[in-house]
């Protein structure tokens, strides 16, 4: 972890116990779920740490792309079974138990539709690359789905799991998965709760690609570095805003006209001037960042 990251975590009075954070000189930040002895299973503590880290990274101008992965050989096997067992007996109120008013709010304030658990990923300024290095189950499928790009190691197994626990689709997956993989595939994985492979997930459209285990980390690092070093941060932010905001729109013409307005704004930016100059001079661009663009 970088010194700056350590200081900010201390300011938040939050010691990282179930997550880790590393950043490099290219502006790539790597966040790991870190409970390898329990399959990196999801807990309230992990949720709190993850949101605090992501809020910090979104506000850090030196960070240009975020990679999310798991420690060890699993990504996240879903909710910790001890937490699930808590609701089997007694009068525990699930809705009350998952309220997190004191948690950090990365991505909030962009659109009201995004001001919710996990959907906040869509309000973040930085691209988030999900590197699924092993088993991905339950809420982890949703977390991956709300990231911008998704890659998995060959052989990784997926399951939405909920139906086999007597539960409905969780965390908006009945809305999200049909938009990522189509209704036919979403119905399959949600209603059956079956285990499916990384290759199947790619063929369904859930994953961008699948890489062999021996090259997985190197391929992810190359993708993240390419985004960090060759893509204008301002352009990445605006494109991300377009992608998810326009999921909420019905009028394609309005979206087209808005894209023209945004192009006009970006053509006044330093990053655009640099991009054109780099192309003409046949050299790598040296983008400065988001700058003064007013991006809603």
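Does residue 201 fit the bill of being assigned by TED's automatic domain parsing to the domain that holds residue 145 and surrounded by 15 or more Cβ atoms within 10 Å (Cβ to Cβ)?
Values: assigned by TED's automatic domain parsing to the domain that holds residue 145: yes; surrounded by 15 or more Cβ atoms within 10 Å (Cβ to Cβ): yes.
So residue 201 fits the description; yes.
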| message | I need the full set of residues from the range 244-274 which are touching a residue at least 40 places away in the same chain (Cβ under 8 Å) and surrounded by fewer than 12 Cβ atoms within 10 Å (Cβ to Cβ), in order please. | response | 248
| field | Out of 79, 48, sole residue that is under 26 Å from residue 193 (Cα atoms) and over 15 Å from the mean Cα position of the chain (by Cα) | value | 79
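Is it the case that residue 152 is in contact with a strand residue (DSSP E or B) (Cβ under 7 Å, 6 or more places away or on another chain) and closer than 25 Å to residue 59 by Cβ? First the steps, then the outcome.
Values: in contact with a strand residue (DSSP E or B) (Cβ under 7 Å, 6 or more places away or on another chain): yes; closer than 25 Å to residue 59 by Cβ: no.
For residue 152, the condition - in contact with a strand residue (DSSP E or B) (Cβ under 7 Å, 6 or more places away or on another chain) and closer than 25 Å to residue 59 by Cβ - is not met.
Suppose we filter 209, 188, 148 for residues that are at pLDDT 95 or above, in the same structural domain as residue 69 (by TED's automatic domain parsing), within 25 Å of residue 113 (Cα to Cα) and touching a helix residue (DSSP H, G or I) at 6+ places or on another chain (Cβ under 9 Å); which single one remains? Before you say what the answer is, go through the steps one by one.
Values: 209 fails: within 25 Å of residue 113 (Cα to Cα); 188 fails: within 25 Å of residue 113 (Cα to Cα).
On inspection, the qualifying residue turns out to be 148.
Condition check: more than 27 Å from residue 157 (Cα to Cα), touching a residue at least 24 places away in the same chain (Cβ under 8 Å) and either assigned by TED's automatic domain parsing to the domain that holds residue 143 or part of a helix (DSSP H, G or I) (or both). Does residue 235 satisfy that? Before the answer, list the steps.
Working: more than 27 Å from residue 157 (Cα to Cα): yes; touching a residue at least 24 places away in the same chain (Cβ under 8 Å): yes; either assigned by TED's automatic domain parsing to the domain that holds residue 143 or part of a helix (DSSP H, G or I) (or both): yes.
Judged against the criteria, residue 235 is a match.
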| field | Residue list for the range 54-80, restricted to those being surrounded by 23 or more Cβ atoms within 10 Å (Cβ to Cβ) and without any contact (Cβ under 8 Å) to a residue 40 or more places away in the chain | value | none
| query | Among the residues of the range 264-281, is there at least one that is under 24 Å from residue 121 (Cβ atoms), modelled with pLDDT under 95 and not in a helix (DSSP H, G or I)? | reply | no
| note | With criteria (1) touching a helix residue (DSSP H, G or I) at 6+ places or on another chain (Cβ under 8 Å); (2) modelled with pLDDT of 95 or more, residue 219 comes up short on (1)
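Would you mind stating whether residue 69 is over 22 Å from residue 290 (Cβ atoms) and modelled with pLDDT under 95?
Values: over 22 Å from residue 290 (Cβ atoms): yes; modelled with pLDDT under 95: no.
Judged against the criteria, residue 69 is not a match.
The values are calculated or read from the model by the stated rules, or taken from the named source; none is laboratory data. Here the structure is a predicted model, which means the values were calculated and not measured. FYI the Cβ positions are ideal-geometry reconstructions off the backbone, even for glycines, and counts take in every protein chain you see.
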